[in-house]
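Worksheet: the structure to be examined is printed underneath.
Every read-out reported here was derived from the displayed coordinates using simple, explicitly stated rules and does not represent laboratory data. For clarity, every value in this text was computed on a predicted model and none was experimentally measured. When we count neighbours, we look across all protein chains shown, and the Cβ atoms used for this are built from the backbone with ideal geometry, even at glycine.
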Amino acid sequence: MNTTIPAYALYGEQSELSWENFFNVEHLSFRSRSLNWKVSPHVHESLLQVLFIQQGDVDVLLNYTRFKAHAPCLILIPAQTVHGLEYTPDSEGLTITASQKPLESTIALLAPNVMKLVDTPCIISLAQTPDDCEVVQGYYQAMVRELRIPNINQIAMGMSLLTSLFLHLARISGQVVEPQEYEICSRKTAQINKFLQLVDQRFRQRLSVNDYACKMGMSPGHLSRLCREALGMSSLDVINMRVIQEAQRDLVYTAKTIKQLAASLGFNDEAYFTRFFHKHAGVSPTQFRELAVKQIVLSENVPNATPGHNAKRRVDEDEEEDTRQLTFA
């Protein structure tokens, strides 16, 4: 069983490794229909998403808190936000996926008061403001038109439109739905957050579930039940997930040997760490690093383009033209 929260560029595709400049717009049905309208919890390390729900209802998981969203609305998902989505089959809408750092840089310069909106997972209802809904739809249509045919400076144009969208959303931010309004149980949420903080602080020490439960002041069984109810995984799965996430980062962004990396994560036996990593990631640490390096090299050797500006277009042959996935990276 893979116990990590998957890190994707686009859901279901290879984990993002170097996406400094990325911009994508697609119809939400492009992926969701084939997944039976259920997108399992995952995370984007450096990409944010803005979902425009035009029709239908969505059960949303944002950082381990569940919400219900009703069309028309926007769902803002910053980078590194664990999120899952379950749509009703009649759902329609569009999804923007873009690099967060360039957007943050632009907004920090032009409108720093909007930064909180960029960094905070939230739901913005448009049900009571049809005029705002039309404005939002106009921005999305402009982005789709911009990406329909390859052209110069498309990343810049897409980011400009996205910046304008966020500036408009800041004007209607009084309709931002704060997560606590939808919390199933605030006490359980606080307990989960405390556990996740402990794991983040202590995962290198290879503490057992019993150790964490003791620090939480509850039994191991209670902790595991709490995790399964709120996160859909056991407490041990959560611990292993954090270890694997850190291992993947170190494999990509450091020159540590496998032995050094294993030791830094609390493993005394390199062979045991390799088996542990393969079990949860599906490949060995060495294979993961090789794949990462290969992807980075490919992204840096695109003819007639600067790194990170490889323009590519994926078309779903079974969809009409207006339901194409338009991707430029």
Find the percent of Cα-Cα distances in segment 23-175 that exceed 22 Å, and round it to a whole number. 37 percent
For a footprinting-style exposure proxy, rank 202, 275 by other Cβ within 10 Å, fewest first. 275, 202
Under a point spin-label approximation (7 Å from Cα along Cα-to-Cβ), what is the residue 287-residue 229 distance to one decimal in nm? 3.9 nm
What's the exposure ranking of 28, 110, going from fewest to most Cβ atoms within 10 Å? 110, 28
Most packed first (mean Cβ within 10 Å per residue), the peptides 142-151, 156-165 order as 156-165, 142-151
